[in-house]
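Worksheet: one structure, shown below.
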Amino acid sequence: MRIAHTILLSLLVLTARSQDPRYSQFFASPLTLNPALTGRFDGQLRIAGNYRNQWSTIYNAFTNFSLSADAPILTGRLPEIDRLAVGVQALADEQADGALKNTYLSLSTAYHKGLDENGFHSVTIGFQGTYAQKRLNTANLKFEDQLRSDGFTGITNEIFDPQQLNINYLDLNAGVLFSGVFEGNVNYYAGASMYHINRPKESFRGATFDLNPRYTVHGGVYLPVGATTTLHTSALYQNQAGASEAVLGGALGLNLNNDMDYRPTTFYAGAWYRFNDALIPYIGLEFGNWRFGASYDANTSSLRTASNGQGGFEISLIYIKKKEGETGISCPKF
């Protein structure tokens, strides 16, 4: 079993070079999904935090944490139906029990242009620049020449130059978004984004390669299905370096305090499905300016054998500062 785990961890480190950190609650991490989502929320300031731990029993295979803040600027100087926003995000990603540590700091901006006189529909274009640092920690890695009859107790002959264990580069991302509301309070959004437009180069020990672009399309619909109940549905498709994922699902929201406008207290329950991979049950609670969500990836693919049936636990917390009496704009929630 130890050898199997070692092989699996080695594969994780090798494949990590072409795959971005990802969240099952993609709708709760706007700046990792699409730069055009910068500022697309109901309020004056949004702060979002996300944490994910996948396959924790296998030497903490993947652990992600991100924190972002975005807000509209130049309010009052633009047409009432338009909005300009800026955002900042920090993301830390560890793989294979810290063998590979990635840190990203991003700045983004987006302009939301109203398409009708009331601003019920809009189109957005967003851009993002990222400074990335990747570090390979060899202290806890095991190599074939260390294997003895009693385990990995030998001394490896591998030699590592400290200057070859760190990568730093700048990255460019962009996206577009269409969103709005139809009569009957039916909200919609549809977007597309491309990350790693400039294909930055990565290199450990001289093995240089280009970081593959990540292409994403996503969308969702929100609509009332009862006096105090709403249905939120969303879908996502991503492709990077030949690897793709498709996610589809939704959640019902039950309004607990009958406040349908400014400060609803809403309980959410639902599930998303990542095709050929995992079922993702989700629960959430929105109260005041806060929204909390928790989900778990229940693996349904053949990877269950390697992961010992373990999935990925994920939580999200979003705070939105609002002004009393603010009517807000149509914005995606899921």
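Of note:
- Meeting the requirement of 3 or more residues that are surrounded by 15 or more Cβ atoms within 10 Å (Cβ to Cβ), without any contact (Cβ under 8 Å) to a residue 24 or more places away in the chain and out of contact with any Leu (no Cβ under 9 Å at 6 or more places or on another chain), the strands (runs of 3 or more DSSP E) wholly within segment 201-293 are 278-287.
- For segment 80-126, filtering for residues that are over 27 Å from residue 49 (Cβ atoms) and among the charged types (D, E, K, R) leaves 5.
- Qualifying residue in segment 138-158 (condition: under 26 Å from residue 24 (Cβ atoms) and either crowded, with 16+ Cβ neighbours inside 10 Å or at pLDDT below 95 (or both)): no
- Residues of segment 50-63 that are at pLDDT 90 or above and in contact with a helix residue (DSSP H, G or I) (Cβ under 9 Å, 6 or more places away or on another chain): 50 alone.
- Test: residue 32 is closer than 20 Å to residue 240 by Cα, assigned to a strand (DSSP E or B) and modelled with pLDDT of 75 or more: no
- Flag for residue 22 being modelled with pLDDT of 50 or more, under 23 Å from residue 245 (Cα atoms) and not hydrophobic (A, V, I, L, M, F, W, C): yes
- Verdict on residue 112 being in contact (Cβ under 8 Å) with a residue 40 or more places away in the chain, surrounded by fewer than 19 Cβ atoms within 10 Å (Cβ to Cβ) and of a type outside the set (Ser, Thr, Tyr): no
The values are calculated or read from the model by the stated rules, or taken from the named source; none is laboratory data. Everything numeric in this text was worked out from a predicted model, so none of it was measured. Don't worry about glycine lacking a Cβ; one is built from the backbone with ideal geometry, like all the others, and counts go over all protein chains shown.
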